[in-house]
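S.K.: The structure's right below; bear with me while I get my questions together.
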Amino acid sequence: MTLRCELNINGGTRRILLVAKEEEPAEHVALRLAAAILFFDREPALEAGPSHPAVIDVGFYPDLLVTNDAGGVDVWIECGTVAVNKLTKVARRVRAARLVVLRESPEDGVRFREVIKKEIPKGDKIEIWAWPKEDFARWTSALKESTHVFGEASGKSLNLVLNEIPFDVQLISC
């Protein structure tokens, strides 16, 4: 799945291209788009691979990344399923950064929070944001190869129109 997106968020405009890797389902790309919108004002890097200076020494790569003024990791964003081992190591290696995980539903987010509590020391530092289940299904089905988004995003709140379909969504902290 490839999304060519024109984003008009909080008065700013940006065109982005989201390309799914071979193993990524459409839901993962939908979560990546939501994260790009939620952190729009911070200009997240949509592809922070091995050559990105902020993650060279981390050994892992996020789905999206927000850097601070010094070029270091400020917000590390994962979408959907992420290995606990990866989160454990990232939390240890980028201690000063926020770690945010977007999930498809509150049930999914709560289950993942329980896993984190059991397996990651100081896992309460990791933020898990979940979509209301019905809203995420609508979000995913509204996506097209050419996607237009207009509206506002603040914190965990989206008030926007995606391909002529209105969304007023408050993501849930798990």
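Bear in mind these aren't lab numbers, they're just calculated from the coordinates by the rules spelled out. Note that this is a predicted model, so its numbers are computed, not measured. Note that we place each Cβ from the backbone using ideal geometry, even for glycine, and neighbour counts take in every protein chain shown.
S.K.: Per residue of segment 59-76, what does 6.51 cos²θ - 1.76 cosθ + 1.60 with θ = phi - 60° give for ³J(HN,Hα)? Whole Hz please, x for Gly and Pro, Karplus curve as stated.
M.R.: Running phi through 6.51 cos²θ - 1.76 cosθ + 1.60 with θ = phi - 60° gives x, 9, 10, x, 6, 9, 9, 10, 9, 8, 4, 8, x, x, 6, 9, 9, 9 Hz.
S.K.: If you don't mind, another one. Tell me, what ³J(HN,Hα) does each residue in segment 157-165 have, in order and in whole Hz, if you take phi through Karplus 6.51 cos²θ - 1.76 cosθ + 1.60 with θ = phi - 60° and put x for Gly and Pro?
M.R.: 10, 10, 10, 7, 10, 10, 6, 6, 10
S.K.: Can you list the residues of segment 130-156 with backbone N under 13 Å from a point 7 Å past the Cα of Asn163, pointing along Cα to Cβ?
M.R.: 137-149
S.K.: With unit charges on the beta carbons (Lys and Arg positive, Asp and Glu negative) and the dipole taken about the Cα centre of segment 2-173, which residue among Pro50, Asn8, Ala96 sits farthest to the positive side?
M.R.: Going by the Cα projections, it comes out as Ala96.
S.K.: Tell me, what HN-Hα J-couplings in whole Hz come from the Karplus equation 6.51 cos²θ - 1.76 cosθ + 1.60 at θ = phi - 60° for each residue of segment 5-18, using x for Gly and Pro?
M.R.: Karplus-based 3J(HN,Hα) across segment 5-18 equals 10, 10, 9, 10, 10, 6, x, x, 10, 8, 9, 10, 10, 10 Hz.
S.K.: To test your reading of the geometry: what angle, between 0 and 90 degrees and rounded to tens, separates the Cα axis of helix 133-142 from the longest principal axis of the chain?
M.R.: Around 60 degrees separate the two axes.
S.K.: Turning to a different aspect of this structure: Lys122: which lysines have alpha carbons under 23 Å from its alpha carbon, excluding same-chain residues fewer than 8 sequence positions away?
M.R.: Cross-link targets: Lys86, Lys89, Lys156.
S.K.: What FRET efficiency comes out for the pair Arg92/Asp41, r = Cβ-Cβ distance, R0 = 22 Å, nearest 0.05? Before the final figure, lay out the partial values.
M.R.: On the way: r = 28 Å, r/R0 = 1.29.
The computed FRET efficiency comes out at 0.20.
S.K.: Next up: So if I take the alpha carbon set of the chain, get Rg, then get Rh from the Kirkwood formula, what is the Rg over Rh ratio?
M.R.: Reported Rg/Rh (Cα atoms, Kirkwood Rh): 0.94.
S.K.: Expressed as a rounded percentage, what relative contact order does segment 2-173 have, with Cα pairs under 8 Å and six or more residues apart?
M.R.: Numbers: 310 pairs, mean separation 37.8, N = 172.
Relative contact order of segment 2-173: 22 percent.
S.K.: Quick check: the angle from helix 26-38's long axis to the longest principal axis of the chain, C-alpha only, nearest 10 degrees?
M.R.: The helix 26-38 is inclined about 90 degrees to the chain.
S.K.: By how many nm would the segment from Glu6 to Val84 grow when fully extended, if each residue of separation counts as 0.36 nm and the alpha-carbon distance is taken off? Display every interim value, and only then the final one.
M.R.: On the way: separation 78, 0.36 × 78 = 28.08 nm, distance 3.32 nm.
Net length gain for the segment: 24.8 nm.
S.K.: For n ≥ 4 DSSP H runs only, could you compute -39500 (n - 2.57) per run for the chain, divide by its residues and tell me the 222 nm figure to the nearest 500? Present the calculation step by step, with values, prior to reporting the outcome.
M.R.: Numbers: 4 runs with 47 residues, N = 174.
Mean residue ellipticity at 222 nm (helix-derived): -8500 deg cm²/dmol.
S.K.: Let me ask something else. Based on the inverse mean of 1/r over its pairs of different Cα atoms, what is the Kirkwood hydrodynamic radius of segment 90-165, in Å? Let's see the in-between values first.
M.R.: Values: mean 1/r = 0.0695 Å⁻¹.
Roughly 14.4 Å, rounded to one decimal.
S.K.: Divide, for segment 74-124, the radius of gyration over alpha carbons by 2.2 N^0.38 Å, where N is the residue count.
M.R.: Cα Rg divided by the expected 2.2 N^0.38 Å: 1.07.
S.K.: Treat every Asp and Glu Cβ in segment 2-173 as -1 and every Lys and Arg Cβ as +1, leave all other atoms uncharged, and give the resulting dipole magnitude about the Cα centre to the nearest 20 debye.
M.R.: Numbers: 23 positive and 26 negative charges, 127 e Å.
The dipole magnitude comes to about 600 debye.
S.K.: Here is a further query. Determine the sum of side-chain charges near Val90: Lys and Arg each +1, Asp and Glu each -1, restricted to other residues whose C-beta is under 14 angstrom from that of Val90.
M.R.: Working: positive: Lys86, Lys89, Arg92, Arg93, Arg95, Arg98, Lys122, Lys125; negative: Asp57, Asp63, Asp74, Glu78, Glu119, Glu127.
After counting each charged neighbour, the total is +2.
S.K.: Within segment 55-174, what percent of beta bridges assigned by DSSP are antiparallel, to the nearest 5? Working shown, then result.
M.R.: Details: 18 of 28 bridges.
Bridges in segment 55-174 that DSSP calls antiparallel: roughly 65 percent.
S.K.: So for each of 10-19, 165-174 I average, over its residues, the number of other beta carbons within 10 Å; can you give me the resulting order with the highest mean first? Can you show the working numbers first?
M.R.: Values: 10-19: 12.2, 165-174: 15.3.
Sorting 10-19, 165-174 by mean packing, highest first, produces 165-174, 10-19.
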